[in-house]
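What follows is calculated from the coordinates using simple rules that are stated; it is not laboratory data. Because the structure is predicted, anything quoted here is derived from the model rather than measured. All Cβ positions, even for glycine, are placed from backbone atoms using ideal geometry, and neighbour counts span all protein chains on display.
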Amino acid sequence: MSSWNYIELITLRSISFLPAGKFLPFTETLPFKRAEHWFSDKTNINYLVYLPFKKEIMDERRAKSHVNLVAILHICFGALTIAIALTVFLVIQFAGGFIPPEEELAINILNSISVVIPVVVGIFGLIDLLSGVSLYSYKEWSRIFVIVVSAFNCLNIPIGTAKGGYSIWALMTPEVQALFEK
């Protein structure tokens with residue numbers, strides 16, 4: 001029973017009531033180990049079916065779902081960071097239009113700030129985006145790369161810390177490590 005421990009409820013319509021201890025004739029061709037009568041009325045016969053999903057298969061599915069979620073988080077946050085960098089650039093450029101032309105020092109400082117800050121933030125967003133794309137494509141090196149990027153994301157309190165912590169936890173599990181060793 002240890003390798004048959006995942007349960008699914010299957011509803012079969014328009015099937016007459018079967019005597020106790022009898023199962024549907026076609027269950028022998030399906031990969032069910034055991035089915036138990038769960039509920040019956042005139043329209044439905046429900047069987048509680050033990051499906052043959054081995055624990056390793058379910059662990060691999062769970063690991064893939066964690067990897068996909070981490071990849072999607074990095075892609076979304078990377079794209080959002082790039083959009084914020086572009087918005088900051090446009091807002092600072094717009095604000096620079098209100099400075100009188102005789103204030104050359106203020107214009108030069110504002111122009112420098114409007115370039116440096118969005119470029120630095122955009123580079124971090126691009127790295128986050130690329131790490132998510134590489135992880136989503138299951139490249140061998142992407143797991144380590146995302147762990148390093150997630151460690152830097154932990155410095156971005158509070159949301160980056162939550163995302164980075166989850167990413168590091170999910171990518172350090174033995175199931176995910178085994179997934180990237182294949």
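In the stretch 112-182, which GluC sites (Glu not before Pro) fall in coil by DSSP and have 11 or fewer other Cβ atoms within 10 Å? Please list the in-between numbers first.
Details: sites: Glu140, Glu175, Glu181; in loops: Glu140.
Within the stretch 112-182, the qualifying GluC sites (Glu not before Pro) (loop, at most 11 other Cβ atoms within 10 Å) are Glu140.
Here is the list for the stretch 81-182: chymotrypsin sites (Phe, Trp or Tyr not before Pro) lying in DSSP coil, each with at most 14 other C-beta atoms within 10 angstrom of its C-beta, are Phe98, Trp141.
Normalised Debye scattering of the stretch 119-173 at q = 0.20 Å⁻¹ gives log10 I(q)/I(0) of -0.67, counting only Cα atoms as equal scatterers and leaving out solvent.
Using θ = phi - 60° in the Karplus curve 6.51 cos²θ - 1.76 cosθ + 1.60, the 3J(HN,Hα) couplings for the stretch 137-143 round to 8, 6, 5, 4, 7, 5, 4 Hz; x is entered for Gly and Pro. The residues packed around Phe77, meaning those with a beta-carbon under 10 Å from its beta-carbon, carry a net charge of 0 if Lys and Arg are +1 and Asp and Glu are -1. Near Leu135, once Lys and Arg are set to +1 and Asp and Glu to -1 for all other residues with Cβ below 14 Å from its Cβ, the sum equals +2. When its C-alpha radius of gyration is set against 2.2 N^0.38 Å (N residues), the stretch 56-181 gives a value of 1.37.
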